[in-house]
Structures are given as C-alpha cells and as structure tokens.
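J.: Here it is, the structure in full.
The values are calculated or read from the model by the stated rules, or taken from the named source; none is laboratory data. The shown structure was predicted, so the numbers you read here are calculated from the model rather than taken from an experiment. Positions of Cβ are backbone-derived with ideal geometry, glycine not excepted, and every protein chain shown enters the neighbour counts. These area figures cover heavy atoms from the full protein model, side chains too; ligands, DNA and RNA do not enter into them. Shrake-Rupley method; radii C 1.70, N 1.55, O 1.52, S 1.80 Å.
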Amino acid sequence: MRKPIIAGNWKMNKTAEEAKALIKYLIPLVSDADNVDVIVCPPFVNLAAAAEVLSGSNIKLGAQNMHFEKSGAYTGEVSADMLLAYGVKYVILGHSERRQYFGETDEGVNKKVKVALQAGLVPIVCVGETLEERESGITSEIVCKQTKLALLGLSAEEVKGVVLAYEPIWAIGTGKTATADDANDTIGAIRNAVKEVFGDDAAQSIRIQYGGSMKPANASELMAKPEIDGGLIGGAALKAEDFSKIVKF
Ligand code: 13P
C-alpha cells in the first residue's frame, strides 16, 4: 500500500561536474523503477546542475536541509522558496549530523517541517538513537519522542505527506547495520507513536525509511520487512551501481 522510497543523501560530497556525471550514469540504471520513488539529495550548490541532468527522468531532486524563515538575515542559509526554484521536491530535515554538529533541536526541526509542508516540499525527517541510548535500552523512547516533537502541531492529513527516516546514529557510515528485525521493530514503534497522536490512518499512510550502512547486500532483507518503506542511503548513494541495486532491492 505504501510506495517504497529510496533516497540518496550525498552529504558533503561531489562537485557540480561530479554530480552531473553520477546522475547521468544513474538515470538509465533506474529508468524502469516505476514502483519506487527515487530521490537524490546533492549539496545545495549542485542543485542547479543536478536539476539540469535530471530533467525528464524518473528521479526526483531533494535537498539536505533548509531554513525555517522565508528570507532575511540568516547568513549561509537557504529557504524553501530557493529550493522550489530549482525543482526540489524533498528536503531532509533533522539529520543526526545536523543535530550533532550544527546544534539542530527538535523544536527547530518541527519549525522546518511545518514550513516545508506549507511550501509543498516533502520533508524527510530523521530520527535515531546514539549507541549509548541503545545500550541503555531507551531506543524506542528516544525515537518516539523525536518523532512526536518533529510532527508537533501538524494535522493527521499533513502527517500522511511526511516521510520519516529511522537512522540509528551508531549505524551511520560505520558499516554496522541494525538487524532487519531490530530496524523493523523500532520503525514499528515509531509508527505506533504516530498512531497515538494522529490516528491509525496517518500511521498506516506515513512512509518510514531505514538509514545506516544500507547497501546492495542488505537492502532486500531490510526492504522485505513490513514496517520498512524505504532507505535513506549515504555512502552507497555515491556509487551509481550500488544505489541502483538498492533501488531495485
Ligand atoms: P550511510 O549509508 O553512509 O551509513 O549514511 C546513512 C545516512 O546518514 C543517510 O542519511
């Protein structure tokens, strides 16, 4: 019922020329993937170049962050309107690297989610626990709280248009993946948290991705789990062959 969604988060990688080359290589590899939403999220400065080569393909464009104000004195920031002007459809919000290195808070993420939805962008909202939190047995509490705070004040209808990404922080870029069963259980807990606040319809509609060392070798096992609706891919998204194999899980 929920359409799978595979998104590549390129993080701070690739120049504009490299971005174009990667996308040109990727397009034919995923052109027949019509049962999956395929998204690439290059750095801001490559959005124009990416949009140019993506035109006419089945791959959608995403950004990695966005500011919650429309415009103004926010040096170094980018607004929803600026993203829309490049044909951006999705925006990753609250990635753990932004929370960890750039001081993003649940409150700030919530503001951004609201602004993105108002602007017509699909937010991909990241939640996830640290290794210490996992070892303390509080994974579900942490990710459910992050989820509820990110979605605070939205209507059930709006929630259906959000994408969540469960990314255990200890699994990002480490080669360690949550087991498919663990990821499925935690995503099930997140879905239940959505149900508590927004009802069953919203909970059954919202798509929830897994992210953290997802690669061709583990994609099919993760995607076979009933709660897992997609992947948010870091390292493996930088190689067209690997990313296309994940798209075709
Ligand atoms: P890796 O796939 O490199 O572990 O990164 C996951 C991630 O953070 C995607 O947003």
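J.: Per residue, how much accessible surface does the chain expose to a 1.4 Å probe? Answer in Å², no decimals. Display every interim value, and only then the final one.
T.: Numbers: 10990 Å² over 249 residues.
Heavy-atom accessible area per residue stands at 44 Å².
J.: Please enumerate, by chain and number, the aspartates and glutamates with C-alpha under 16 Å from the C-alpha of residue 215, excluding those fewer than 8 residues away in the same chain.
T.: Counting by Cα, and skipping residues close in sequence, residue 215 has these aspartates and glutamates nearby: 167, 229, 241, 242.
J.: So what's the Cα pair-distance distribution over segment 181-226, bin width 5 Å, in %?
T.: Going out from 0 Å in 5 Å bins, segment 181-226 shows 5, 21, 29, 21, 13, 9, 3, 0 percent.
J.: Let me ask you something else. With the dipole of the chain worked out from charges on the C-beta (+1 for Lys and Arg, -1 for Asp and Glu) around the Cα centre, which of 25, 219, 202 lies farthest toward the positive end?
T.: The residue sitting most towards the positive pole is 25.
J.: In the chain, what is the volume of the convex hull around the alpha carbon atoms, normalised per residue and reported in Å³?
T.: Details: hull volume 28.6 nm³, N = 249.
Per-residue hull volume (Cα only) is 115 Å³.
J.: Counting Lys and Arg as +1 and Asp and Glu as -1, what is the net charge of the other residues whose Cβ lies under 14 Å from the Cβ of residue 57?
T.: Neighbourhood net charge equals 0.
J.: Still on this structure, please answer the following. Given 65, 118, 130, which one lies farthest toward the positive end of the charge dipole of segment 55-152, if we put +1 on the Cβ of every Lys and Arg and -1 on the Cβ of every Asp and Glu?
T.: Comparing the listed Cα positions along the dipole, 118 ranks first.
J.: Going through the cross-link list 11/248; 24/114; 89/239; 112/176; 111/145, which pairs have a Cα-Cα distance over 26 Å in this structure?
T.: Values: 11/248 22 Å; 24/114 33 Å; 89/239 22 Å; 112/176 30 Å; 111/145 16 Å.
From the list (11/248; 24/114; 89/239; 112/176; 111/145), the Cα-Cα distance tops 26 Å for 24/114; 112/176.
J.: If you average over every viewing direction, what projected area does the convex hull of the Cα atoms of segment 158-249 give, in nm²? Before the final figure, lay out each step's value.
T.: Numbers: hull surface 22.9 nm².
Approximately 5.7 nm², given one-decimal rounding.
J.: First compute the accessible area of segment 24-92 with a 1.4 Å probe, then give the percent of it belonging to carbon and sulfur atoms.
T.: 54
J.: On to the next question. Report the FRET efficiency, 1/(1 + (r/R0)^6), for residue 195 and residue 100, where r is their Cβ-Cβ distance and R0 is 25 Å, rounded to 0.05.
T.: 0.30
J.: When the accessible area of segment 109-249 is split by element with a 1.4 Å probe, what percent falls to carbon and sulfur? All intermediate terms of the calculation are to be shown ahead of the outcome.
T.: On the way: 2770 of 5570 Å².
On segment 109-249, the fraction of accessible area on carbon and sulfur atoms equals 50 percent.
J.: Going highest first, how would you order 69-80, 174-185 by mean Cβ packing within 10 Å? Numbers along the way, then the final one.
T.: Working: 69-80: 12.1, 174-185: 16.3.
Ranking, from highest mean packing down: 174-185, 69-80.
J.: Here is a further query. Which residues' amide hydrogens lie under 5 Å from the amide hydrogen of residue 231, considering only partners 5 or more residues apart or on another chain, with H built in the peptide plane?
T.: Amide H to amide H, under 5 Å and 5 or more residues apart or across chains, residue 231 pairs with 5, 6, 7, 210.
J.: Around residue 58, which amide H atoms from residues at least 5 apart in sequence, or from another chain, sit under 5 Å from its own amide H, with H modelled in the peptide plane?
T.: Correct list: empty.
J.: With each pseudo-label sitting 7 Å past Cα toward Cβ, what's the residue 182-residue 69 distance in nm, one decimal?
T.: 4.1
J.: Given points 7 Å out from each Cα along the Cα-Cβ axis, report the residue 45 to residue 58 separation in nanometres with one decimal.
T.: Spacing of the two 7 Å Cα→Cβ label points: 3.4 nm.
J.: Multiplying the sequence separation of residue 18 and residue 86 by 0.36 nm and subtracting their Cα-Cα distance, what value in nm do you get?
T.: On the way: separation 68, 0.36 × 68 = 24.48 nm, distance 1.83 nm.
Working it through step by step, the gained length comes to 22.7 nm.
J.: Debye sum, Cα scatterers, segment 67-143, no solvent: what log₁₀ I/I(0) at q = 0.22 1/Å?
T.: -1.01
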